[in-house]
1. Does region 71-142 come out rounded, prolate or oblate, given a ≥ b ≥ c as the square roots of the eigenvalues of its C-alpha gyration tensor, rounded meaning a/c under 1.5 and, failing that, prolate meaning a/b above b/c?
2. Hey, any idea what Rg/Rh is for region 1-135, computing Rh the Kirkwood way over Cα pairs?
3. Hey, what do the phi angles of region 134-141 turn into as Karplus ³J(HN,Hα) couplings, whole Hz, using 6.51/-1.76/1.60 and θ = phi - 60°, x for Gly and Pro?
4. Please list, in chain and number order, the residues 5+ apart from Ala39 or on another chain whose amide H is under 5 Å from its amide H, with Hs placed from the backbone.
5. Please find, in a Gaussian network model of the chain (springs between Cα atoms separated by less than 10 Å), the residue of His45, His150, His131 whose mean-square fluctuation is greatest.
6. Explain nothing, just the number: relative contact order of the chain, from Cα pairs under 8 Å at least 6 residues apart, as a whole percent.
7. Loop-only check: which chymotrypsin sites (Phe, Trp or Tyr not before Pro) in region 77-126 are DSSP coil with at most 16 other Cβ within 10 angstrom?
8. Given the rule -39500 (n - 2.57) for each run of at least 4 DSSP H residues, summed and divided by the residues of the chain, what is its mean residue ellipticity at 222 nm, to the nearest 500 deg cm²/dmol?
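The values are calculated or read from the model by the stated rules, or taken from the named source; none is laboratory data. Every value quoted in this text rests on a predicted model; they were computed, and no experiment measured them. Cβ placement follows ideal geometry from the backbone for every residue including glycine, while neighbour counts extend to all protein chains displayed. Note: accessible area is taken over every heavy atom of the protein model, side chains too, but ligands, DNA and RNA are not part of it. Shrake-Rupley method; radii C 1.70, N 1.55, O 1.52, S 1.80 Å.
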Amino acid sequence: MSRHEFTLVLDHTPTDDELDALFEAGLDDSTPEFGPRTAPVLHLHRDDESLASAIISAVGQAEVAGFAVVGVRTENLVTLKTIAARTTRTYESVRRLANGDRGPGGFPAPMSGDGYALYSWTEVARWFAEHYGIPDTTTRYDRIIAAADHLVRARHLLGGDTGQLSALAS
């Protein structure tokens, strides 16, 4: 059994009674954080067989306590400026790689559109490692957290009824 650290994003700020409900649901290994300018979150330090099972059990316990979990906190979404800093390249160099004006092509597509592009750091880091020999500093933990965030957000978007779409995760 290993200790896993991660942060769940909740759908609303807990009241005092709801904080008790979280504790009673089994989230006594969490520390809530909330305020007027931040999304309410639960920081967890959970002993479990795997990170995935730790996240799944914590999401279930939060739901038992009356919350919807709307995400798993991750640093995966990054701008071209952040990519430039992490790869020690200029912004213009990274922008041209992303646009296909330079390099081998196949730069990962942005995860967002309409003017302000955000990219998956785990995908971009892998691409730079493959094409430029820059060490991929992401870990299995980073990839699981990023994937869990996408899955939790999709589940919330669908109101918990993932139906046949759940097969996409397997």
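1. Oblate, since a/c reaches 1.5 and b/c is not below a/b.
2. That ratio equals 1.11.
3. Residue by residue, region 134-141 yields 6, x, 7, 8, 6, 10, 4, 4 Hz.
4. Those lying under 5 Å, H to H, from Ala39: there are none.
5. Looking only at His45, His150, His131, the largest GNM fluctuation is found for His131.
6. About 21 percent, as a whole number.
7. Numbers: sites: Tyr91, Tyr116, Tyr119, Trp121; in loops: Tyr116.
Here the sparse-neighbourhood loop sites are Tyr116.
8. Working: 6 runs with 70 residues, N = 170.
Helix contribution divided over all residues of the chain: -12500 deg cm²/dmol.
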